[in-house]
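Only one structure is covered here, and it is reproduced in the block below.
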Amino acid sequence: MTVESFGGDAASTRPVRPVWQAMKRGFFGRCPHCGEGRLFAGFVKTAEHCEACGEEFHHHRADDLPAYLVVVIVGHIVVGAFMGVEATTSLSTWQHLAIWVPITILSSLALLRPVKGSVVGLQWALFMHGFGGQSDAPETHPEL
C-alpha cells in the first residue's frame with residue numbers, strides 16, 4: 001500500500017482542524033468551521049453553505065449514521081430506565097406504554113439534529129467527503 005492511499009503529501013500539508021470543537025459546534029447547529037453560521041436549513045436538512053464564512057456543506061455524507069447513533073443512545077437510556085422502574089414498581093403494560101413510548105419518540109427527535117450536526121462536524125474536521133477539497137470518486141490506477 002502506498003502513501004497516496006492515506007492522503008500522501010496532500011494530507012501532510014493540511015492544517016489541523018480541532019475535532020472536538022467542530023463536533024461541538026455541529027452539535028449546537030453551528031458551522032463547524034467558524035461557529036457563527038447555521039449548519040441546518042431545516043430540521044435535519046443541512047444548509048448548502050455557511051452564511052458567515054462560506055464553508056460548503058452540500059457534499060457531506062452523514063447518511064444513516066446519526067439515526068443509528070440516536071437509536072443506540074436512546075435505546076440504552078430508555079431500556080435502562082425501563083428496567084429500573086420495572087424492578088422497583090408494579091406498573092401495568094399500558095402504564096409502561098404510556099410512559100416509555102412518548103419518552104422514546106421525543107428523545108429520539110430531540111437528539112437527531114444535534115447528533116447529525118456532530119457527524120457533519122466530524123467529517124469537516126477530518127477532511128472527509130469533500131471537506132478536504134478532493135472528490136470522493138475513486139481514483140483509477142491503470143498500473144493495477
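We did not get these values from a lab; they are worked out from the coordinates using the rules stated. Since this is a predicted model, take the numbers as computed values, not measurements. Note that we place each Cβ from the backbone using ideal geometry, even for glycine, and neighbour counts take in every protein chain shown.
First select every other residue whose beta carbon is under 11 angstrom from the beta carbon of PRO66; then total the charges, Lys and Arg +1, Asp and Glu -1. Summing Lys/Arg as +1 and Asp/Glu as -1 gives 0.
Put a plus charge on the Cβ of each Lys and Arg, a minus charge on the Cβ of each Asp and Glu, and nothing anywhere else: the dipole of the range 17-125 about its Cα centre is then about 160 debye. With K and R counted +1 and D and E -1, the other residues having a Cβ less than 14 Å from that of GLY54 yield a net charge of -4.
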